[in-house]
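Student: One structure follows; several queries about it will come next.
The values are calculated or read from the model by the stated rules, or taken from the named source; none is laboratory data. Keep in mind that this is a model prediction, so the values were computed, not measured. A quick note on method: Cβ atoms are made from the backbone with ideal geometry, for glycine too, and the neighbour counts reach across all protein chains shown. Note: accessible area is taken over every heavy atom of the protein model, side chains too, but ligands, DNA and RNA are not part of it. Shrake-Rupley method; radii C 1.70, N 1.55, O 1.52, S 1.80 Å.
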Amino acid sequence: MSYTYGPVPSRRLGLSLGVDVLPYKTCSFDCVYCQLGRTSNLAIERKSFFPREGILAEVVKVAAQTNPAYVTFSGSGEPTLNSDIGWLIRRFKEKINCKVAVLTNSSLLWMPEVREEIKPADLVVPSLDAATEEVWKKLNRPHTDLDFSKIIEGLIDFSNEYAGQLWVEILLVKGMNDPAEHVKALNRILARMRFDKVQLNTVVRPPSEESALALSYEELRAISKELPVSTEIIVPYRKKGKQVSAHGDRERILAAIARRPMTVKHIEQSLGIPPERAKPALEAIIAEGKAKLSIHEGEEFYEAMR
Ligand code: SF4
């Protein structure tokens, strides 16, 4: 089991070492836009999924080799489902000379213990896609035992209790959460929160459901003007990244596309493997039946077969 991926040049964080503390696609949501496909394990029970010492040892070792700007909890599902997250954040802060970030869908922030556990992180990026229960059910397709109002109140409480950087991510899907009335409702929730910025995103990778359509940059820009002044549109990262890995191209590419669909350009940016090496490796992986090619918004994405 490998608990790390990257470092990848993240759109938001710079060079970020991903930490994946969940079995594949264990999540409290089954978002229509999810780049990982349908949620195979829709769960709200928190557990220690793996030996935490093993996760710690691997992250400390890879961070020492690669010197990332952030160690980031994200990956195969909702990281706060792992009940070791608080212990891991504290150990990372002691042992690794970089910042710690948590990307969360906000679904467990109604639990005081979850809020306490992630407070030592330097940065928390909670999602706020839906301002009404109706949109939430359609867009995020949550576990049936979750309560929308409790989640929103938990998110608001967390934002007001937390002292670190808080960037609220809103992912917009055409026709679902972009109508003007819904944007106004999002604003009403944001007005009760403390945050450093709002980040607008859209469907930039092949989604779980083909019906989940992206907004254009112009549409995002128009909506950003209706949101708080700190709102920014996050666009795909363009700079070349660096990567340190002992694996060969084929294994590294396969490990990367198993976590998220990638273009040849993404592979070059995040793994440092140029197209002339990535393409033959991808062809071989597809010929072995381990990956497939799909088209999204006119771009070719490679994703691992499940
Ligand atoms: S987008 Fe995130 S929160 Fe939504 S289903 Fe995928 S992993 Fe879960």
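Student: Out of the DSSP beta bridges found with both residues in the range 4-239, what percent are antiparallel (nearest 5)? Walk me through the numbers on the way to the answer.
Tutor: Details: 5 of 33 bridges.
Bridges in the range 4-239 are about 15 percent antiparallel.
Student: For the chain, report the accessible area per residue in Å² (1.4 Å probe, heavy atoms, rounded to an integer).
Tutor: Values: 13500 Å² over 306 residues.
Using a 1.4 Å probe on heavy atoms only, each residue of the chain averages 44 Å².
Student: What's the extension gain from Arg306 to Ser149 if we count 0.36 nm per residue and subtract their Cα-Cα distance?
Tutor: 53.1 nm
Student: Another one. Given an 8 Å cut-off on Cα distances and at least 6 residues of separation, report the relative contact order of the chain as a percent.
Tutor: Details: 599 pairs, mean separation 54.2, N = 306.
Taking the mean separation of contacting Cα pairs over the length of the chain, I get 18 percent.
Student: How about the chain: what cysteines have no other cysteine beta carbon under 4.7 Å from their own?
Tutor: Cys27, Cys98
Student: Could you identify which residue out of Gly14, Gly77, Gly175 has the top mean-square fluctuation in a GNM of the chain using Cα springs shorter than 10 Å?
Tutor: Largest GNM mean-square fluctuation: Gly175.
Student: By the scheme Lys and Arg +1, Asp and Glu -1, what is the net charge of all other residues having a beta-carbon under 14 Å from that of Glu58? Each step should come with its number before you reach the end.
Tutor: Numbers: positive: Arg52, Lys61, Arg91, Lys95; negative: Asp20, Glu53, Asp84.
Net charge around Glu58: +1.
Student: Of all the accessible heavy-atom surface of the chain, with the other protein chains kept in place and a 1.4 Å probe, what percent is carbon and sulfur?
Tutor: 51
Student: List the aspartates and glutamates whose alpha-carbon lies under 15 Å from that of Lys47, not counting same-chain residues fewer than 8 positions away?
Tutor: Leaving aside aspartates and glutamates fewer than 8 places away in the same chain, those within reach of Lys47 are Asp20, Glu78, Asp84, Glu113, Glu117.
Student: Of the cross-linked pairs Lys225/Lys290; Lys95/Lys279; Lys95/Lys197; Lys99/Lys279; Lys119/Lys279; Lys150/Lys184, which ones have a Cα-Cα span greater than 32 Å in the structure shown? Before the final figure, lay out the partial values.
Tutor: Details: Lys225/Lys290 43 Å; Lys95/Lys279 38 Å; Lys95/Lys197 28 Å; Lys99/Lys279 34 Å; Lys119/Lys279 42 Å; Lys150/Lys184 20 Å.
Too far apart for the 32 Å limit: Lys225/Lys290; Lys95/Lys279; Lys99/Lys279; Lys119/Lys279.
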